[in-house]
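Have a look at the structure below, then the notes.
The values are calculated or read from the model by the stated rules, or taken from the named source; none is laboratory data. From a predicted model like this one, the values you see are computed outputs, not experimental measurements. Quick reminder, even Gly has a Cβ in these numbers, built from the backbone with ideal geometry, and neighbours come from all protein chains shown. For accessibility, only protein heavy atoms count, side chains too; no ligands or nucleic acids. Shrake-Rupley method; radii C 1.70, N 1.55, O 1.52, S 1.80 Å.
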Amino acid sequence: MSESFGIMDEGYFVSRKEILRWVNHTLGLDLTAVEQLGSGAVYCQLMDALLPGMAPLHKINWRPRQEYEFIQNFKLLQTIFDKMGISKKVEVSMITIQIQRLAKCKYQDNLEFIQWLKRYYDINCGERGGNYQA
């Protein structure tokens with residue numbers, strides 16, 4: 001699977017509305033704000049849509065309330081990335097998921113990550129995207 005694309009890639013220029021429309025359509029959700037992604041559960045579910053069976057859905061906390069619960073979901077996501085050999089690459093440097101920043105539910109951090117994840121999904125899922133049963 002390919003995950004290498006630069007910061008100027010078209011995926012980083014997708015609007016907030018388009019991202020939310022894609023997430024809601026793909027997973028059958030009704031999210032209204034990018035900040036709602038900060039719990040990590042949706043990211044894990046998107047990886048399950050892309051890589052069926054790789055995400056341990058039974059371990060995801062679907063209704064986390066505290067930041068430490070968000071962090072547990074992101075640790076599951078990092079485990080999926082590690083198993084699949086996925087490294088979020090920005091230009092030349094490889095970085096791991098910025099768990100602490102995403103779990104703060106900040107708009108910009110979650111927008112950039114979901115833009116990257118959508119681009120990764122589009123590149124690797126292609127035409128088979130949309131068949132996921134949430």
Report, by residue number, each residue of the stretch 35-60 that is of a type in the set (D, E, K, R) and either over 11 Å from the mean Cα position of the chain (by Cα) or at pLDDT 95 or above (or both).
35, 59
Would you point out which residue out of 23, 42 is among the β-branched types (Val, Ile, Thr), within 18 Å of residue 118 (Cα to Cα), open to solvent by less than 50 Å² (accessible area, probe 1.4 Å) and without any contact (Cβ under 8 Å) to a residue 24 or more places away in the chain?
42
Show the residue pairs meeting these rules: Cβ distance below 9 Å; 6+ apart or different chains; first residue within the stretch 78-97 and closer than 18 Å to residue 45 by Cα and open to solvent by 50 Å² or more (accessible area, probe 1.4 Å); second residue at pLDDT below 75 and assigned to a strand (DSSP E or B).
none
Looking for something modelled with pLDDT of 85 or more and either in contact with a Leu (Cβ under 6 Å, 6 or more places away or on another chain) or of a type in the set (Lys, Arg) (or both) - is there at least one such residue anywhere in the stretch 85-96?
no
